[in-house]
Structure formats: C-alpha cells, structure tokens
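We did not get these values from a lab; they are worked out from the coordinates using the rules stated. This one's a predicted model, so the numbers in the text were calculated from it and none came from an experiment. Backbone-built Cβ (ideal geometry, glycine too); neighbour counts: all protein chains shown.
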Amino acid sequence: MIRVSNLSAYYDTATGRSMALEDMNLCVPKGGTCAIIGPSGCGKSTLLRILAGIASNYEGEVSIADASVDPEVLSIGFIPQNYGLLPWKTVRDNIRLSWKVKHPESLVPEGEETILARLGIGEELLERFPRELSGGQQQRASLARAFLLQPDVLLMDEPFSALDAITREEMQEVFFELWRAQAVTTVIVTHYVEEALYLGQTVIVLSSAPGHVLSVTENSFFARREDSGEYAAQKARLRGWLTGKGAEA
C-alpha cells in the first residue's frame, strides 16, 4: 500500500521556498493502480520523485507497505517519459540494469525469459542499442526492466506520451498483461484523460501549482474501452475539474 498524508513539497529557490504540492492525501491499495492527471507544473512528477525516494524536500508522511520510503530496502520500478534507457548499453544490458543493482550476485534475472516473451523482445532486439529501436520497442525495453525487478511499487511518468495513438494503445495493453501477472502497486502520471480512465482503478485530479487534490474518482471504466454516454459523461467531469469547471461538470 502507498499512503500519503498531508504532503506539502517544495523547492528552495534564490528568493525563498516555492511550493510544488500542498496538503495532498493519497492512498493506493496493494496491487492497485492510481492514475494522476493535472495541468503542467502541478507537481505530478514531484510526487513520483518523492515516492521513489529521490526527492526529500517535503513535509507530511509518505509510506510504502507501512514503512518510510527507502529505495535501498524497497524495489521501486520507475519508468520516465524518455524511457530512461542508457544509450551506450545494449537493450539486454539496459533491461538487466535495475536487477543487477538489487541482485549483484545474480547473472541471469529470475523470470527474464517469460517477461521478454510476453513483451515480444527477441534476441535480435537484445543486441541492439536504444538508438536503433522504434519508440514502441524502447517502451517495451523500459517495461521489461521495470517488471523484471519485480518491484514493490511501479511509478510511471507519462510513459506513453511520446508514442502515436495506435502504438500507445498497444503499449497500454502490454502493460496490463504484465501488471495482471505481478499485481504490482502502480502510480501513473498522465495528461490524457482517456488514458487515466483506462489505466487507473482510481483517478485523481490535481489543481494547478501548488498541486492539491481536486477530485478522487473510483473508476468503473478501468481496463475498458467504450464509447457510451456514461463514459463520455465521466470524461467530461474529469475535464471539468481540469479546466476549473468541476462543479458544473
């Protein structure tokens, strides 16, 4: 479980303290997914950095599995917008990177063949470098690295935003296949309302900076694609919060 209580995050600047998040509360049950949407600069990526144990400029309580966030103890999978692949390493070495950090004594990661097969990553791709891959192939490599770690939590920062619409939907399906197999607790930041509805069992809308929670939706459209009036109304409500017309929506 991820639990965030009364979280306020800030940056120190030359003129003082700049708030990124203000009085935020969040709970993601073990094995659940939460999608977070909000305007640019509202602190979405800051929240992920705090959950990853990278950022420490905050007040409030943040815990994972009822313990404080410690990346040396927890296995935390992180997929950034640019996939985070090291250009000088082969795809194979990139995929094994996080595993080797956590398990330096192990030569071959447990379950590697199964995950590579699910992602359709064959031997010919493993020997290439990231620059030789398409966007979808790079995303598959990034997903393989994250799930190979068998993380306690998975944090995804607009992971599909650089892909075209068709490839994005394909990669969402690939993510679901892996997520269902591992049931890893996941937080996904996105700026697509449709993606939030598809990927998040819970959808949270943040305000403009400093970000605070405007709405929390228990999402009945999780893992579903449809074109119903009810679905259109749900999209309209979320967009209403994003545009400052939440009460009207």
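Quick rundown of the values:
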| item | result |
| --- | --- |
| Amide H within-cut-off set for L206, under 5 Å, with H built and near neighbours excluded | I37, G38, L214 |
| GNM top mover of D66, D93, D152 - the chain, alpha-carbon springs below 10 Å | D66 |
| Distance in nm between pseudo-label sites at D93 and E112 (7 Å out along the Cβ direction from Cα) | 1.4 nm |
| Order of R131, R225, R3 - criterion: other Cβ atoms within 10 Å of each residue's Cβ, fewest first | R131, R225, R3 |
| Full-extension gain in nm, S208 to E61, via 0.36 nm per residue minus C-alpha separation | 50.7 nm |
| Label-point gap, in nm, between V101 and R224 - each point 7 angstrom along Cα→Cβ | 3.8 nm |
| Linear extension gain, V216 paired with R180, 0.36 nm per residue minus alpha-carbon span | 10.6 nm |
| Straight-distance crosslink candidates among lysines, where the alpha carbon sits under 16 Å from K235 and sequence neighbours closer than 8 are dropped | K245 |
| Residues with amide H under 5 Å from that of I79, placed H, sequence gap 5 or more | L155, M156, D157 |
| Dipole magnitude of the stretch 2-213 about its Cα centre (Cβ charges: Lys, Arg +1; Asp, Glu -1), debye to nearest 20 | 180 debye |
| Ordering of 20-29, 175-184 by burial proxy (mean other Cβ atoms within 10 Å per residue, highest first) | 20-29, 175-184 |
| Extension reserve of the E127-K30 stretch, reckoned as 0.36 nm per residue once the Cα distance is removed | 31.4 nm |
| Simple Cβ-charge dipole of the stretch 157-233, Lys/Arg +1 and Asp/Glu -1, about Cα centre, in debye nearest 20 | 240 debye |
| Summed residue charge, Cβ within 13 Å of G31's Cβ, Lys/Arg positive, Asp/Glu negative | +1 |
| Residue order, fewest to most surrounding Cβ atoms within 10 angstrom, among W88, W241, W99 | W88, W99, W241 |
| Reciprocal of mean inverse Cα separation for the chain (Kirkwood radius, Å) | 18.8 Å |
| Taking all pairs of distinct alpha-carbon atoms in the stretch 69-135, Kirkwood radius in angstrom | 13.2 Å |
